[in-house]
Amino acid sequence: MPASYAYLGPEGTFTEVALRTLPEAATRELVPMVSVPAALDAVRNGDAEAAFVPIENSVEGGITTTLDELVAGEPLMIYREVLLSITFALLVRPGTRLSEIKTVTAHPAAQPQVRNWLKANLPDAVWESAASNADGARLVREGRYDAAFAGEFAAARYGLQALETGIHDAENAQTRFVLVGRPARPAAPTGADKTSVVLWQRDDHPGGLRDLLGEFAVRGVNLMLLQSRPTGAGIGNYCFCIDAEGHISDRRVAEALMGLKRICLQVRFLGSYPRADIKVDDVRVPLPGTSDDEFMSAADWVARCQDGRF
């Protein structure tokens, strides 16, 4: 397989900046793609070793394009995650004044992060979505739009001027990116890990979601993301994308997944991988009765009972 990583391009995206924080990125060819689906398809088709794409931001939540691509199609797995603090610049062709801006563009995920600034400073500007923030900068350079919201670092690459910088409606806004590859054995647990799955209910019934979440709750597994996505099978038909604390090798996580496999129509495992938001020393202590040792002790007790040795 090619020693290359596909990513949401073109050059100059926040995705590229986040990808270059991975040490292994220095030893790979980094290939910009026109969209998240194109980056993930490069992995599925064997044209790239892995893809690096945005999956969540702290303002708007899950990136639906990425989630939907991971839900459908040939299975893929998440191996790493990166968190990147996000602040935007308003990029324009040199000499453009704020009063001259009538059209603006950026990736759809950028709009909720600059909506208030846009309302206060460019209330009459028309917003058009671009495939990525860097692609929006390219379109401004070509004269398609008057301004683009992108990283300040993209200005020089596209021959633009940063008319305004430090734009963000929410302090400490972050975007989460993931490195996605073909299914294989998950990396060994670090003690500060995350497990991602997609769940499909067998049928729609009162308390159905509670039943799914209960498999985590009774084993003391904390959830970090819960987002419903339509299955395409009609109104009211949803699957659930979930991030849970812990690694599939943790007994409490493994048993929760076994419980879900028993009651769900389908479970798609998206990987267990190191968390980017916390260090091992800061991981919460498992609830009483949910440590690996306690699960193993309970299993041993059941075995002794079965042998008449209780």
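The values are calculated or read from the model by the stated rules, or taken from the named source; none is laboratory data. Just so you know, these numbers come straight off a predicted model, no measurement behind them. Don't worry about glycine lacking a Cβ; one is built from the backbone with ideal geometry, like all the others, and counts go over all protein chains shown. Protein only, heavy atoms only, side chains kept; ligands, DNA and RNA dropped before computing areas. Shrake-Rupley method; radii C 1.70, N 1.55, O 1.52, S 1.80 Å.
Yes or no, residue by residue, for (1) of a type outside the set (A, V, I, L, M, F, W, C); (2) closer than 15 Å to T175 by Cβ; (3) within 15 Å of the chain's Cα centre (by Cα):
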site	(1), (2), (3)
S4	yes, no, no
G9	yes, no, no
L19	no, yes, yes
A26	no, no, no
V34	no, no, no
A39	no, no, yes
E49	yes, no, no
N57	yes, yes, yes
T64	yes, yes, yes
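Yes/no matrix, rows are residues, columns are (1) more than 16 Å from P189 (Cα to Cα); (2) modelled with pLDDT of 95 or more; (3) part of a strand (DSSP E or B):
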site: I235; (1), (2), (3): yes, no, no
site: F240; (1), (2), (3): yes, yes, yes
site: L260; (1), (2), (3): yes, yes, no
site: S272; (1), (2), (3): no, yes, yes
site: D277; (1), (2), (3): no, no, no
site: L287; (1), (2), (3): yes, no, no
site: T290; (1), (2), (3): yes, no, no
site: E294; (1), (2), (3): yes, no, no
site: A299; (1), (2), (3): yes, no, no
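Quick one: which helices (runs of 4 or more DSSP H) sit completely within the range 112-217 and have at least 1 residues that are under 30 Å from F269 (Cβ atoms), modelled with pLDDT of 95 or more and under 24 Å from the mean Cα position of the chain (by Cα)? Don't jump to the end; show me each part of the working.
Values: elements: 133-141, 154-157, 208-217.
Hits in the range 112-217: 208-217.
The C-beta contact set for the range 158-173 (first residue farther than 12 Å from T96 by Cβ and of a type in the set (A, V, I, L, M, F, W, C), second residue at pLDDT below 95 and open to solvent by 30 Å² or more (accessible area, probe 1.4 Å), distance under 6 angstrom, 6+ apart or interchain) comprises A170/V59; A173/S58; A173/V59. Give me a count of the residues in the range 175-190 that are open to solvent by 70 Å² or more (accessible area, probe 1.4 Å) and either under 21 Å from V53 (Cα atoms) or out of contact with any His (no Cβ under 9 Å at 6 or more places or on another chain) (or both). Counting residues in the range 175-190 that are open to solvent by 70 Å² or more (accessible area, probe 1.4 Å) and either under 21 Å from V53 (Cα atoms) or out of contact with any His (no Cβ under 9 Å at 6 or more places or on another chain) (or both) gives 3. Every condition in (1) surrounded by fewer than 17 Cβ atoms within 10 Å (Cβ to Cβ); (2) under 26 Å from A38 (Cβ atoms); (3) of a type in the set (D, E) holds for D135 except the one numbered (1). Of all residue pairs spaced 6 or more apart or on separate chains, those with beta-carbon atoms under 6 Å, a first member in the range 192-210 that is in contact (Cβ under 8 Å) with a residue 24 or more places away in the chain and a second member that is assigned to a strand (DSSP E or B) and of a type in the set (S, T, Y) are D193/S272; T195/S272.
Would you mind finding the one in A39, A106, A50 that is crowded, with 23+ Cβ neighbours inside 10 Å and without any contact (Cβ under 8 Å) to a residue 40 or more places away in the chain?
Details: A106 fails: without any contact (Cβ under 8 Å) to a residue 40 or more places away in the chain; A50 fails: without any contact (Cβ under 8 Å) to a residue 40 or more places away in the chain.
Among A39, A106, A50, only A39 is crowded, with 23+ Cβ neighbours inside 10 Å and without any contact (Cβ under 8 Å) to a residue 40 or more places away in the chain.
Residues in the range 242-258 that are assigned to a loop (DSSP other than H, G, I, E, B) and within 19 Å of V285 (Cβ to Cβ) were compared, and the one that is most open to solvent (accessible area, probe 1.4 Å) is S249.
Within the range 1-36, the set of residues being in a strand (DSSP E or B) and either of a type in the set (G, A, S) or open to solvent by less than 40 Å² (accessible area, probe 1.4 Å) (or both) comprises S4, Y5, A6, Y7, L8, L30. Note on the range 65-104: residues that are touching a Lys or Arg at 6+ places or on another chain (Cβ under 6 Å) and basic (K, R) total 0.
Here S272 clears all of (1) open to solvent by 60 Å² or more (accessible area, probe 1.4 Å); (2) within 29 Å of S58 (Cα to Cα) except the condition numbered (1).
For L90, indicate whether it is farther than 26 Å from S228 by Cβ and either part of a strand (DSSP E or B) or of a type in the set (A, V, I, L, M, F, W, C) (or both). Before you say what the answer is, go through the steps one by one.
Values: farther than 26 Å from S228 by Cβ: yes; either part of a strand (DSSP E or B) or of a type in the set (A, V, I, L, M, F, W, C) (or both): yes.
Answer is yes for this residue.
Against the criterion of being hydroxyl-bearing (S, T, Y), in contact with a Cys (Cβ under 9 Å, 6 or more places away or on another chain), under 22 Å from D68 (Cβ atoms) and loosely packed, with under 15 Cβ neighbours inside 10 Å, S228 qualifies.
Scanning the range 53-71 for residues that are open to solvent by 10 Å² or more (accessible area, probe 1.4 Å) and either touching a His at 6+ places or on another chain (Cβ under 8 Å) or among the hydroxyl-bearing types (S, T, Y) (or both) turns up S58, T64, T65.
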